[in-house]
Every structure is written in C-alpha cells, then in structure tokens.
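The values are calculated or read from the model by the stated rules, or taken from the named source; none is laboratory data. Predicted, not measured: the structure shown is a model, and the values here were computed from it. Cβ placement follows ideal geometry from the backbone for every residue including glycine, while neighbour counts extend to all protein chains displayed. Keep in mind that these areas ignore ligands, DNA and RNA; they rest on the heavy atoms of the full protein, side chains included. Shrake-Rupley method; radii C 1.70, N 1.55, O 1.52, S 1.80 Å.
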Amino acid sequence: MGASEEAVVRRVYEEMNSGRKLELAEELFTADHVVHDPQVPAGQGPQGIAEAVRTYQDDAGGHWQIEEMFSAGDRVVVRWTGTGTHNGIPPTGKPIRVDAIAIHRMAENKIAKT
C-alpha cells in the first residue's frame, strides 16, 4: 500500500467531489462500500457515495480540500476541510466549514467497506 492508493483517494476529493465528476464513483469505490455520514443517509456502493456527495455539492456548493494524507497498511487517512455556503432548506446563505478526518480502507485499489 502507498502512493497508488493515496492517488485513488486524492482523486475522490479533488476530481469526484470538488471537480463534480460523480461518475468516477464506479471507478473509485467497491460495490460493498458504505457511507458513514449521520447527516446524509445514503445507499451502499458507488451510487451511495455519489448520492451523499451530490447532497453537499447541491446544498452547499461544497469544496473539499486535503490538508494531510498518509497511508498505513490497507488504510489511507485524510485530514480534510470542507467549505461552502448553506443553500439547503431553508437556505441561510451563511458560510460553512467542516474540519474532519476520514479513514479509508483500500481493496483492489478502490475504497472499500470499513
């Protein structure tokens, strides 16, 4: 594990999420992947993650910034910042900032169920 797995995870944040290319989910996530986000319940697999990300893209104009990334064993750890503007229901127009850490388990060079 290492650079190639980190490159996959980087594509999620930069291309799929911030770049608005949700079609990449099929290429980047396994069929058994599960989204663990209490704010946005979603289904399993690539479609589930695409649905969850789309919510943040649509309701906040979300942007994901990787602050730090490292890998250990079959895991890639990312400290990231999410920013946007609250456009949800009801829209407030206020800026949003989320600082988070995500731990991604890799299998077959894709992000898998943790």
Inset, instruction - Could you look through the range 28-49, keep only residues that are touching a residue at least 24 places away in the same chain (Cβ under 8 Å) and assigned to a helix (DSSP H, G or I), and pick out the one that is farthest from GLY61 (Cα to Cα)? - result: LEU28
Legend entry - Options ALA100, ALA112; residue that is in contact with an Asp or Glu (Cβ under 9 Å, 6 or more places away or on another chain), open to solvent by less than 50 Å² (accessible area, probe 1.4 Å) and not charged (D, E, K, R): ALA112
Inset, instruction - Would you point out the residue of the range 73-91, among those that are closer than 18 Å to HIS104 by Cβ and touching a residue at least 24 places away in the same chain (Cβ under 8 Å), that is most open to solvent (accessible area, probe 1.4 Å)? - result: ARG75
Inset, instruction - Quick one: in the range 11-27, of everything that is under 11 Å from the mean Cα position of the chain (by Cα) and more than 20 Å from THR81 (Cβ to Cβ), which residue is most open to solvent (accessible area, probe 1.4 Å)? - result: LEU22
Legend entry - Lone unmet requirement of (1) assigned to a helix (DSSP H, G or I); (2) more than 23 Å from PRO95 (Cα to Cα); (3) of a type in the set (Asp, Glu) for ASP59: (2)
Inset, instruction - Count, please, the residues in the range 33-72 that happen to be open to solvent by less than 60 Å² (accessible area, probe 1.4 Å) and touching a helix residue (DSSP H, G or I) at 6+ places or on another chain (Cβ under 9 Å). - result: 19
